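One structure is given below, encoded as structure tokens.
The values are calculated or read from the model by the stated rules, or taken from the named source; none is laboratory data. Every value quoted in this text rests on a predicted model; they were computed, and no experiment measured them. Quick reminder, even Gly has a Cβ in these numbers, built from the backbone with ideal geometry, and neighbours come from all protein chains shown.
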Amino acid sequence: MTATLLIEIGLEELPPAAMCPLAETFARQLAAELDSAGIARGETTALATPRRLTAMIEAVAAESAVEAVEKQGPTLAIAYDESGQPTKAGQGFARSVGVAMEALEVEDTDKGQRLLYRGTREGQPLNALLQGAVDNALKNLPIPKRMRWGDSQAAFVRPVHWVVALHGTEVLDLSVFDVVAGRHTSGHRFHHPGEIELAQAEDYIERLRSPGYVLVDMDARHTLVEAEVHRAADTLGGHALVDPALVEEVIALVEWPVGVAGRFDTRYLGLPREVLIATLEGHQRYFPVADDSGALMAGFVTVANIESRDPAQVVAGNQRVVDPRLADALFFWDADKRAGQAARIPALAAVSFQQSLGSIADKSARVAALAATLAAPAQADPAIVARAAVLAKTDLVTEMVGEFPELQGVMGGYYAREENEPTAVADAIVEHYAPAAAGAPIAASPAGRALALADRLDTLAGIFAINKRPSGDKDPFGLRRAALGVLRTLIESGMRLDLAALIEQAIAAQPVDAAPDTKAALWQFLMERLRGYYLDKSATPAQFAAMSAQNVTDPVDFDARLAAVQAFERLPEAAIVCGAHKRIRNILKRNDEATIAEAIVVEHLVEPAEQALHARLVEQTASIDTAAAEGAYTEALAALAPLAEPLDAFFEAVMVMADDATLRANRLALLVAIDTECRKVADISCLSVENAS
């Protein structure tokens, strides 16, 4: 018999960020525990509200499957004495598996014949297995900090108040932190504060909806939140700006979402757009509202957790709450403008960047020097870069950024415009934090790119110089993101430069004596990020290896070569050429101490196949070298394709390591020449022959 299994753990309100991960992990872990116990099951669904974590699993068997058991015993020499009578060892094994000696089998093994038991283990009831399965699932939940409550020694994310454990209509034996499971759940805290009896597990979702006023399905609640937000925004004559991350947070705060529209004083529309949005979304979890032109309106939408009999009171309450927040933001805006950016520059000396690396003022000076070097390759105006570097970090000591740290850079740009700094300076200040997140755009302006690169390279060089490098999943300084930002900015903007030399300059500028391996370690770190970048863009590990073997220090050049490698692999001749080059590299490696002719002597090419290969190599070398020198890497690699046929014939007909020393040295010289051409763009011996087509 199968039935739906329902496990619900009722709690005090969960931290919003924890609800979804906890629910999904609990359901997944419980399903895995059932699988491990041999209990057949169907589809698993994770359900949750701020006050409950629930796993619902369809078609769960009432007991575990009958299991085939096979167990080896002692060898016959140990199990029986010389007269053929069972020994204590043999009898002990028979007792341990619950059968007579005569029922045991004998099998041949590499250690001789030995006793063997084959049998079955009867299935165990779900009711007996559930406690262990739930306990193990709860132990594996990603709870960063557990709490205790009352006199209990139990520790969990929040105190547990009720538990439901149903298999179809049957209540199962289960206790969670001393709370015994039953068939009664709880409805909405205000609309239906009483218990709700569940006749069977399948009734759970609908019974919570009515009469319980609880939408326990997270997807359904997500859909309703979005619909309610848009409905409420319509009443203001605008449309809601719906941030998916805010929707995810809101569904972890409400069980019965109801959209409510409110208004605020129009004087707050004088605040920068980002400040209004940060106040409404970040502080209040409200959704901003815009008109058809995209301009913000003096209105907002909040999602209540109740259908109020007096909606006007709910609206008035939210308006009373948001007004002081916006008033504070307006005060910060005005105060910061009065202070001015120039007055904030000295204050950066009192703000620590890192204990060993000095203050933000020290970092700004290093960034300015590095940005000056980058101005030319970025094709940026040096004066713009210099001015932006001086002002870039000043907003860190403003009232506004103190309240809204996520607006650093953005506010610096606004304050620069307020003081009539050139637009290019203001843009560079904003953009020096770009890309702000994975997949976000790189800086759009030349000065912004120069400043963004200098800022990240200084951070990378400094933290590596003091040996605070990322380890495992720990990266407190965001160095992985910084490294990827450097590489993306260079590649996606097409900025040509020697990144290794720039790293060396950045390390030399640090106020500490860096270990000798710092540059090499930082370069390796960047190459690991570059590898991930290209693998995410569908490059293969072999293609990346072919490029990384070349020690190319210009990421834009690296990118162009990699694209050429990918094009080369699609040529029909690529498989033969790559396979032959791999063979050549192996021969040269095995014979690295062998005598090799300084130059190929045509007269010593005695076999037709080696003569033909040499002739074709001479024909193609100029094309390969010229194209490679001009950066036409696709054409350079394509010029290797005509070598496929003579290479194939050469290895069929010619013995490279001939007995004749002169012939051997000449043939090795021919292979060296081919190897040189095959590595002009990339080391194609690294490419997978099977993947070449």
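A few points about this structure:
- Residue within region 651-667 that is aromatic (F, W, Y) and buried (at least 20 other Cβ atoms within 10 Å of the Cβ) present: no
- Filtered by the rule that a residue be touching a Lys or Arg at 6+ places or on another chain (Cβ under 9 Å) and farther than 11 Å from W333 by Cβ, region 392-408 gives K393, T394, D395, L396, V397, Q408.
- Among (1) in contact with a Gly (Cβ under 8 Å, 6 or more places away or on another chain); (2) exposed (fewer than 12 other Cβ atoms within 10 Å of the Cβ); (3) in contact (Cβ under 8 Å) with a residue 60 or more places away in the chain - the single one P193 does not satisfy: (3)
- Residues located in region 470-508, provided they are under 14 Å from A434 (Cα atoms) and among the small types (G, A, S): G478, A482, A483, G485, S493
- Test: residue in region 523-534 that is touching a helix residue (DSSP H, G or I) at 6+ places or on another chain (Cβ under 9 Å), closer than 22 Å to C578 by Cβ and of a type outside the set (D, E, K, R): yes
- Against the test of being aliphatic (A, V, I, L, M), modelled with pLDDT of 95 or more and farther than 23 Å from A31 by Cβ, the options V134, V164, V180 yield a single qualifying residue, V180.
- Of all residues in region 591-644, those being of a type outside the set (A, V, I, L, M), loosely packed, with under 14 Cβ neighbours inside 10 Å and either closer than 30 Å to A563 by Cα or touching a residue at least 60 places away in the same chain (Cβ under 8 Å) (or both) number 5.
- The residue that is nearest to the chain's Cα centre (by Cα), counting only those in region 256-272 that are within 26 Å of R417 (Cα to Cα) and buried (at least 16 other Cβ atoms within 10 Å of the Cβ), is P272.
- Taking region 490-576 and the helices (runs of 4 or more DSSP H) fully enclosed by it, the elements with 3 or more residues that are in the same structural domain as D455 (by TED's automatic domain parsing) and among the aromatic types (F, W, Y) are at 518-536.
- Of the residues A424, A450, A461, the single one that is in the same structural domain as Q510 (by TED's automatic domain parsing), assigned to a helix (DSSP H, G or I) and surrounded by fewer than 24 Cβ atoms within 10 Å (Cβ to Cβ) is A424.
A quick yes/no check of all residues on (1) surrounded by 15 or more Cβ atoms within 10 Å (Cβ to Cβ); (2) over 21 Å from L451 (Cα atoms):
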{"position": "D328", "(1), (2)": "yes, yes"}
{"position": "A335", "(1), (2)": "no, yes"}
{"position": "R338", "(1), (2)": "no, yes"}
{"position": "P346", "(1), (2)": "no, no"}
{"position": "S352", "(1), (2)": "no, no"}
{"position": "S356", "(1), (2)": "no, yes"}
{"position": "S359", "(1), (2)": "yes, no"}
{"position": "R366", "(1), (2)": "yes, no"}
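- Only one of S83, S96 that is part of a loop (DSSP other than H, G, I, E, B) and not assigned by TED's automatic domain parsing to the domain that holds V254: S83
- Residue check for P211: touching a residue at least 12 places away in the same chain (Cβ under 8 Å) and either out of contact with any Pro (no Cβ under 9 Å at 6 or more places or on another chain) or assigned to a helix (DSSP H, G or I) (or both): yes
- Scope region 379-403; condition of a type in the set (A, V, I, L, M, F, W, C), surrounded by fewer than 21 Cβ atoms within 10 Å (Cβ to Cβ) and touching a residue at least 24 places away in the same chain (Cβ under 8 Å); matching residues: V390, L396, V397
- Residue under evaluation G123, criteria (1) part of a strand (DSSP E or B); (2) among the small types (G, A, S); (3) modelled with pLDDT under 90, criterion not met: (1)
- In region 17-32, residue farthest from A62 (Cα to Cα) [restricted to those that are over 22 Å from the mean Cα position of the chain (by Cα) and surrounded by 19 or more Cβ atoms within 10 Å (Cβ to Cβ)]: A27
- Residues of region 293-306 satisfying the condition of being in contact (Cβ under 8 Å) with a residue 40 or more places away in the chain and exposed (fewer than 14 other Cβ atoms within 10 Å of the Cβ): none
- Subset of region 214-237 that is touching a Gly at 6+ places or on another chain (Cβ under 7 Å) and not in a helix (DSSP H, G or I) - its residue that is farthest from A165 (Cα to Cα): L236
- Inter-residue pairs, beta-carbon under 6 Å, first assigned to a helix (DSSP H, G or I) and in region 336-351, second among the polar types (S, T, N, Q), 6+ apart: D336/T398; R344/T394; A349/S359
- The set of residues in region 111-153 being loosely packed, with under 11 Cβ neighbours inside 10 Å, of a type in the set (S, T, N, Q) and touching a strand residue (DSSP E or B) at 6+ places or on another chain (Cβ under 8 Å) consists of T120 alone.
- Selection status of T540, among the β-branched types (V, I, T) and surrounded by fewer than 17 Cβ atoms within 10 Å (Cβ to Cβ): yes
- Filtered by the rule that a residue be in a loop (DSSP other than H, G, I, E, B) and over 29 Å from G631 (Cα atoms), region 656-690 gives V656, M657, A658, D659, D660.
- Scan of region 627-654 for residues that are within 20 Å of A615 (Cβ to Cβ) and part of a loop (DSSP other than H, G, I, E, B), ordered by number: A639, L640, V654
- Options R616, R590; residue that is out of contact with any Lys or Arg (no Cβ under 7 Å at 6 or more places or on another chain), among the charged types (D, E, K, R) and either modelled with pLDDT of 95 or more or not assigned by TED's automatic domain parsing to the domain that holds V565 (or both): R616
- Scanning region 294-333 for residues that are of a type in the set (F, W, Y) and out of contact with any strand residue (DSSP E or B) (no Cβ under 7 Å at 6 or more places or on another chain) gives F331, F332, W333.
- Here W333 fulfils each of the conditions (1) part of a loop (DSSP other than H, G, I, E, B); (2) in contact with a helix residue (DSSP H, G or I) (Cβ under 7 Å, 6 or more places away or on another chain) apart from (1).
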